[in-house]
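Encoded as structure tokens, the structure appears first; notes follow it.
The values are calculated or read from the model by the stated rules, or taken from the named source; none is laboratory data. In this text, all values refer to a predicted model and were calculated from it rather than measured experimentally. All Cβ positions, glycine included, derive from the backbone under ideal geometry; neighbour counts span all protein chains shown. The protein model used for the area step is the full one, side chains on, heavy atoms only, and it has no ligands, DNA or RNA in it. Shrake-Rupley method; radii C 1.70, N 1.55, O 1.52, S 1.80 Å.
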Amino acid sequence: MSEPSPSFTPSDFDQFYTATAKRLVAAVYAATGDLAEAEDAVQEAYARAWQRWDRLTAEGDPTPWVRTVALRLAVSSWRRARNRMRAHFRHGPPPDLPDLAPDRVALVHALRGLKPEQRTAVVLHHLLDLSIEQVARETGVSPGAVRTRLSRARKALGSYLADAEADTEAPTPSPHPPVCHPKEVPSHG
């Protein structure tokens, strides 16, 4: 790693990291559905930002640059999917994350079912509250393409989450065994 130039102090970067890291991890996690992958991608993005800190701050707010790098690092993980699939078949699925509310689990699962470009648009627009124009700039597509991706993603998410909700509304068995009354028992004789 190269040393940062002396025109800023490490506390500038520390303050930036403290103010933005949790939200960025949450956004990348929502985009990927994998918390460990999200944390790794975000850490790498901040390490790269540290190396370029003077240039990034001279250009304005470094947040979009860090977010773009983190999302690109996370999305590029599809190249490693084959190795993960092999490990999955050898060792079984990874354990579920503890202490997640059922609605969050359903949302993350639903987001995983979207195409990567739709998932990225949803995360940037709905979870990070970026405007359509900001999402278009960060993803390198037109605002119309962002609107199309969001529309298709909302439709897919709505359908998936409605199906998931219907599955959870199945009748639950009674905690008490059925009562058998003597007059209902057929006599044999």
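How much length is gained on full extension from Q15 to D103, taking 0.36 nm per residue of separation minus their Cα-Cα distance?
28.4 nm is the gain from fully extending Q15 to D103.
If you roll a 1.4 Å probe over the heavy atoms of the protein chains, what accessible area per residue do you get for the stretch 10-85, in Å²?
Numbers: 4300 Å² over 76 residues.
Dividing the accessible area of the stretch 10-85 by its residue count gives 57 Å².
Please grab the % of Cα pairs in the stretch 100-166 that end up more than 18 Å from each other.
35 percent
Please compute the length gained on full extension between T63 and R112, using 0.36 nm multiplied by the number of residues separating them and subtracting their Cα-Cα distance.
Separation in residues times 0.36 nm, less the Cα-Cα distance, equals 15.2 nm.
Tell me, what is the 1.4 Å probe accessible area of W53, in Å² to the nearest 10?
Probe radius 1.4 Å; accessible area of W53 about 10 Å².
Could you tally the net charge around P143, taking each other residue with its Cβ under 13 Å from the Cβ of P143, Lys/Arg +1 and Asp/Glu -1?
In short, +1.
For labels at L127 and S76 in the simple 7 Å Cα→Cβ model, what's the distance in nm?
Output for this residue pair reads 2.0 nm.
Among A162, G140, L124, which residue has its Cα furthest toward the positive end of the charge dipole of the stretch 100-166, with +1 on Lys/Arg Cβ and -1 on Asp/Glu Cβ?
G140
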